[in-house]
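These notes concern the structure reproduced below.
The values are calculated or read from the model by the stated rules, or taken from the named source; none is laboratory data. This structure is a prediction, so every number in the text was calculated from the model and none was measured. Glycine also receives a Cβ, built like all others from the backbone with ideal geometry; neighbour counts cover every protein chain displayed. Only protein heavy atoms, including side chains, enter the accessible area calculation; ligands, DNA and RNA are left aside. Shrake-Rupley method; radii C 1.70, N 1.55, O 1.52, S 1.80 Å.
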Amino acid sequence: MNSSIIAGSLLRQLKGQFLSNAAAGPVLFGQSPVILYGISLGGSRLLSTAAAESSKTSSSDQTAAKSSKPSSTGKFKVEKEVASYWGIEPNKLVKDDGTEWKWTSFRPWHAYTANTSVDLDKHHDPATFGDRMMRLTVKALRWPTDIFFQRRYGCRAMMLETVAAVPGMVAGLHLHLRSLRRFEHTGGWIRALLEEAENERMHLMTFMEVSDPRWYERALVFTVQGIFFNAYLLAYILSPRLAHRMVGYLEEEAVHSYTEYLKDLDSGKIENVPAPAIAIDYWRLAPDATLRDVVVAVRADEAHHRDVNHFASDIYYNGLALKEVPAPLDYH
């Protein structure tokens, strides 16, 4: 009899605790998620220590969210709450002069000084039928480009960089998947090729600041990039040697185009405006750097990409695989 009374009292207490926990408040998604972990005991669900701590965090996060003020657009800023929940806080970086580092697409340790002493006149003479075909293909592609852009080198550079960033990404992706399939190292070539793709993308981010593409030029990007991505992927699967050779010749043409760009800047046909802030930080240029300094740095990058891709093609030409020869990492 006594045992029945005690058991009933215990169950009523557990039921009351369960109901009070359930009524504590709704679970919020997208602001301060609360995950309840518990165990079953006699048909009741007990709140664990982890859930209790989560509830405390939820309450503080909700208080912070309520105290935050709406932005000018009328939306509440939830970045802090999201970062606090996941434990990932954005790095607060400063430059050497103490000012705040404002770029999120790259960090100070990704910046570098372009090696402008690279040989700009270096050229690969076609040695095989495949090399000659790649050289002719590149020359054929340059002809409509010259007609379309004329001497509008700012827009020309910006639009072509949307394509130039494709080969490194495609080749890096191909090697990445192959490395996973074969359980093998790649000699650093994945990183080298992805560095090339990212560098070309940064060229685009820079020229976006000094050029204003027309609507049909923007539309052209979708068509050209879609065709070139699939064509280059197929070419790389069939013959990495020829794919790298073609990119080497493309970079040779890029060096020539930027040289012509510099001629127009020096002659006054194109205004030598101040360098964009992103370029000054990315290439560690002087604070008073101009567009000419940016073009010189970009041209040096293209010359290095030329060397890397001809080098990769020569590795295949000599019957080796890329993984057998260390990649030229950080070659700028």
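Only residues that are open to solvent by 60 Å² or more (accessible area, probe 1.4 Å) and either among the hydrophobic types (A, V, I, L, M, F, W, C) or out of contact with any helix residue (DSSP H, G or I) (no Cβ under 6 Å at 6 or more places or on another chain) (or both): list them for region 289-316, please.
Asp293, Phe311
Pairs under 6 Å by beta carbon, first residue under 24 Å from Lys323 (Cβ atoms) and touching a residue at least 24 places away in the same chain (Cβ under 8 Å) in region 238-259, partner open to solvent by less than 20 Å² (accessible area, probe 1.4 Å) and of a type in the set (Gly, Ala, Ser), six or more apart or different chains?
If the second residue must be open to solvent by less than 20 Å² (accessible area, probe 1.4 Å) and of a type in the set (Gly, Ala, Ser), the pairs left are Arg241/Ser313; Leu242/Gly130; His244/Ala312; His244/Ser313; Arg245/Ser313.
Check whether at least one residue in region 201-214 is in contact (Cβ under 8 Å) with a residue 24 or more places away in the chain, among the small types (Gly, Ala, Ser) and either within 21 Å of Ser257 (Cβ to Cβ) or not in a helix (DSSP H, G or I) (or both), and report yes or no.
yes
When you go through (1) open to solvent by 10 Å² or more (accessible area, probe 1.4 Å); (2) of a type in the set (A, V, I, L, M); (3) part of a helix (DSSP H, G or I) one by one for Ala286, which number turns out not to apply?
(3)
If you scan region 240-268, which residues turn out to be of a type in the set (Ser, Thr, Tyr) and surrounded by 17 or more Cβ atoms within 10 Å (Cβ to Cβ)?
Within region 240-268, Tyr249, Ser257, Tyr258, Tyr261 qualify.
Inside region 256-282, can you point out the residues that are part of a loop (DSSP other than H, G, I, E, B) and under 25 Å from the mean Cα position of the chain (by Cα)?
Ala275, Pro276
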